[in-house]
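Working notes, structure below.
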């Protein structure tokens with residue numbers, strides 16, 4: 001549904017969306033929110049994981065994630081928002097793949113392919129966040145932004161249809 005809504009927003013308001021995308025890489029608010037979500041998610045994963053002989057470290061995970069947030073936010077502030085978005089895309093694939101893993105329908109492979117696209121995009125954003133801005137500049141004409149919105153909306157509609165019909 002997020003893909004569908006995002007695609008519709010791109011179709012309806014490409015100029016406003018372009019301006020938001022242009023400000024996104026340097027946005028400290030977006031960087032703070034996405035970094036906090038990423039670190040909280042990683043902390044939750046570590047807290048739930050069996051750590052074996054490192055189990056004694058679990059009480060320190062939450063304080064360490066708070067310290068890590070401060071360190072990352074103040075020392076890695078250059079293009080942190082796209083990097084944190086990439087981290088979110090990397091983390092978001094796990095629950096979706098877990099949900100699709102045991103489904104008997106072959107349509108689950110469409111969702112798996114979508115998740116792998118997310119992972120590739122996430123790695124790409126983490127490794128070279130400056131390219132986010134280059135991609136936005138290529139989408140600047142309103143017609144290109146609307147086409148991208150149509151592709152996103154179609155992907156969201158496909159995944160939503162699969163969720164209702166196959167899952």
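Name the residue, out of 126, 96, that is touching a helix residue (DSSP H, G or I) at 6+ places or on another chain (Cβ under 7 Å), at pLDDT 90 or above and either crowded, with 16+ Cβ neighbours inside 10 Å or closer than 26 Å to residue 31 by Cα (or both). Full working, then the answer.
Working: 96 fails: at pLDDT 90 or above.
None of the other options fit; the residue is 126.
Just wondering, is there one or more residues in the stretch 79-92 that are touching a helix residue (DSSP H, G or I) at 6+ places or on another chain (Cβ under 9 Å) and either outside any helix (DSSP H, G or I) or without any contact (Cβ under 8 Å) to a residue 24 or more places away in the chain (or both)?
Looking only at the stretch 79-92, we keep the residues that are touching a helix residue (DSSP H, G or I) at 6+ places or on another chain (Cβ under 9 Å), and these are 79-92.
Imposing the further condition that a residue be either outside any helix (DSSP H, G or I) or without any contact (Cβ under 8 Å) to a residue 24 or more places away in the chain (or both) reduces the set to 79.
Yes, the stretch 79-92 has at least one match.
Checked against the criterion of being closer than 22 Å to residue 129 by Cα and either without any contact (Cβ under 8 Å) to a residue 12 or more places away in the chain or not in a loop (DSSP other than H, G, I, E, B) (or both), the candidates 31, 43 yield just one match: 31.
Applying the criterion of being in contact with a helix residue (DSSP H, G or I) (Cβ under 8 Å, 6 or more places away or on another chain) and over 14 Å from residue 87 (Cβ atoms) to the residues of the stretch 29-50, the residue that is surrounded by the fewest Cβ atoms within 10 Å (Cβ to Cβ) is 47. Within this structure, residue 119 passes the test of being under 24 Å from residue 80 (Cα atoms), within 13 Å of the chain's Cα centre (by Cα) and assigned to a helix (DSSP H, G or I).
The values are calculated or read from the model by the stated rules, or taken from the named source; none is laboratory data. Quantities reported herein were computed from a predicted structural model and do not represent experimental measurements. For neighbour counting, all protein chains shown are included, and Cβ atoms are generated from backbone atoms with ideal geometry for every residue, glycine included.
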